[in-house]
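Below is one structure; the comments refer to it alone.
The values are calculated or read from the model by the stated rules, or taken from the named source; none is laboratory data. A quick note: this is a predicted structure, and the numbers were derived from the prediction, not measured. Neighbour counts are summed over all protein chains in view; Cβ atoms, including those assigned to glycine, are modelled from backbone coordinates with ideal geometry.
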Amino acid sequence: MKKVKFKEGYTRLPNSVLQVLCSLKIRPEVLRTIFAIFRLTFGWGTPERVLSYGQITLMTGLALRNQWRAVKEALKLNLIKRYNLRGESESNLKPIYVYSFNLQPKTWKVRIETTVEHKIRLWNYVVSSQQRIYLSSKMRIPISSKMRISIKDILSDYPIK
């Protein structure tokens with residue numbers, strides 16, 4: 001297989017964040033919104049950026065009302081962070097919001113779709129099916145029982161709510 005070479009136009013996303021994002025149980029509008037904010041901030045090489053609802057809406061394709069709800073929900077779940085650039089002193093003016101993506105999944109207030117017990121059963125099933133494949137193909141490389149995992153192995157990776 002040919003290795004893909006990235007010259008320009010890619011956004012680096014930490015594996016730990018991506019792994020938890022795959023297991024989240026959130027509305028698709030919220031997921032599109034956080035990906036758009038991640039792209040508009042880290043995709044341009046900055047951890048935070050002044051963004052309008054219009055910019056996010058252009059990227060997600062959502063209606064402005066739905067975009068507003070998705071941003072509100074993402075803020076509530078602590079997936080993104082936002083502060084007013086003008087501060088409290090100029091409260092009579094229209095706010096200028098600075099958005100950033102929260103890169104600490106342990107601080108997110110979300111529910112992970114699959115339970116820890118389900119992940120353990122799934123992994124142990126994969127290991128046992130690999131043992132059957134190796135035994136049926138008469139390979140001499142046995143899979144050790146150390147490949148099986150326990151609850152302690154997973155608890156370090158996923159926050160339990």
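Would you point out the residue of region 79-117, among those that are β-branched (V, I, T) and over 20 Å from N15 (Cβ atoms), that is modelled with the highest pLDDT? Before the answer, list the steps.
Taking region 79-117 and keeping what is β-branched (V, I, T), we get 80, 96, 98, 107, 110, 112, 114-116.
Now restrict to residues that are over 20 Å from N15 (Cβ atoms): 96, 98, 115.
Details: I96: 89, V98: 94, T115: 57.
Here the residue is V98.
Pairs please, first residue from region 21-45 and free of Cβ contacts under 8 Å to residues at least 40 places away in the same chain, second anywhere and not acidic (D, E) and not in a loop (DSSP other than H, G, I, E, B), Cβ atoms under 6 Å, 6+ apart in sequence or on different chains.
Close Cβ pairs (under 6 Å, with a partner that is not acidic (D, E) and not in a loop (DSSP other than H, G, I, E, B)) amount to R32/T60; A36/I56; A36/M59; A36/T60.
Which one of I143, I120 is in contact with a helix residue (DSSP H, G or I) (Cβ under 7 Å, 6 or more places away or on another chain), buried (at least 16 other Cβ atoms within 10 Å of the Cβ) and at pLDDT 60 or above?
Working: I143 fails: at pLDDT 60 or above.
After ruling out the rest, the residue left standing is I120.
Criterion first (in contact with a strand residue (DSSP E or B) (Cβ under 9 Å, 6 or more places away or on another chain), at pLDDT 90 or above, under 17 Å from I37 (Cα atoms) and not hydroxyl-bearing (S, T, Y)) does K72 satisfy it?
On the way: in contact with a strand residue (DSSP E or B) (Cβ under 9 Å, 6 or more places away or on another chain): no; at pLDDT 90 or above: yes; under 17 Å from I37 (Cα atoms): yes; not hydroxyl-bearing (S, T, Y): yes.
It is false that K72 is in contact with a strand residue (DSSP E or B) (Cβ under 9 Å, 6 or more places away or on another chain), at pLDDT 90 or above, under 17 Å from I37 (Cα atoms) and not hydroxyl-bearing (S, T, Y).
Could you tell me which numbered condition A74 fails, if it satisfies all but one of (1) in contact (Cβ under 8 Å) with a residue 40 or more places away in the chain; (2) more than 24 Å from V17 (Cα to Cα)?
Checking A74 against (1) in contact (Cβ under 8 Å) with a residue 40 or more places away in the chain; (2) more than 24 Å from V17 (Cα to Cα), the one that fails is (2).
Examine region 49-67 for a residue that is surrounded by 10 or more Cβ atoms within 10 Å (Cβ to Cβ), out of contact with any helix residue (DSSP H, G or I) (no Cβ under 9 Å at 6 or more places or on another chain) and closer than 15 Å to N102 by Cα, and state whether such a residue exists.
no
What pairs can you find where one residue is in region 81-108 and within 17 Å of W68 (Cβ to Cβ), the other is charged (D, E, K, R) and assigned to a loop (DSSP other than H, G, I, E, B), and their Cβ atoms are less than 7 Å apart, with a gap of 6+ or different chains?
What qualifies is P95/R86; I96/R86.
Looking at region 23-36, can you tell me whether even one residue there is farther than 22 Å from R69 by Cα, in a helix (DSSP H, G or I) and at pLDDT 85 or above? Give the steps one after another, and end with the answer.
Applying the first criterion (farther than 22 Å from R69 by Cα) to region 23-36 yields none.
Among the residues of region 23-36, not one is farther than 22 Å from R69 by Cα, in a helix (DSSP H, G or I) and at pLDDT 85 or above, which makes the answer no.
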